[in-house]
Amino acid sequence: MKGSPVNVKSHHEVIFEGPVELPVKAVWTRSRYPEQQLAYHEEYEYHLIKRGCGSYFIVDRDYEYRRNTLIIIRPNEVHRCRPAPDAYLEKASLFFSASLVENRKPDIYVNDNDICHVITLAEQEATMVEVIINTIYNAG
């Protein structure tokens with residue numbers, strides 16, 4: 001892929017991990033990213049794709065992603081990241097405890113059993129999210 005680093009090892013950098021009373025974690029991933037094994041856990045996950053393409057398998061279907069895609073995964077949903085072959089992936093990930101959003105219904109809910117898993121952000125929206133992540137990073 002043009003402009004991609006060669007022979008890059010996986011690089012996950014935890015940029016914020018809150019205390020017990022604020023169960024939030026933020027991670028930057030910059031790497032050639034192999035397809036992951038199926039996983040599930042108790043947190044909400046939000047992944048902003050800054051570079052790369054592929055798909056996320058979530059529950060029972062694949063959702064394509066590319067630059068400026070926001071991937072949303074609810075607690076205990078089976079999922080895995082499936083980057084395109086030899087793709088260099090750069091993404092910011094936020095993990096929230098379900099207890100933080102338990103009694104709140106964000107606008108992304110369609111109903112109690114359905115959720116929008118993929119949102120394509122405008123360049124300005126993606127840049128704003130990246131500025132917030134970088135502010136968290138620089139504060140730590």
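The values are calculated or read from the model by the stated rules, or taken from the named source; none is laboratory data. Computed from a predicted model, the values in this text were never measured in an experiment. Cβ: placed from backbone, ideal geometry, glycine included. Neighbour counts: every protein chain shown.
For this structure, a couple of remarks:
- The set of residues in the stretch 63-89 that are in contact with a Gly (Cβ under 8 Å, 6 or more places away or on another chain) and part of a strand (DSSP E or B) comprises E64, Y65, C81, R82, P83, Y88, L89.
- Of residues in the stretch 15-62 being assigned to a strand (DSSP E or B) and free of Cβ contacts under 8 Å to residues at least 12 places away in the same chain, the one nearest to E130 (Cα to Cα): E17
- Residue that is modelled with the highest pLDDT, among those in the stretch 69-87 that are surrounded by fewer than 20 Cβ atoms within 10 Å (Cβ to Cβ) and closer than 17 Å to V27 by Cα: R80
- Subset of the stretch 104-140 (residues that are of a type in the set (S, T, Y) and modelled with pLDDT under 75): Y109, Y137
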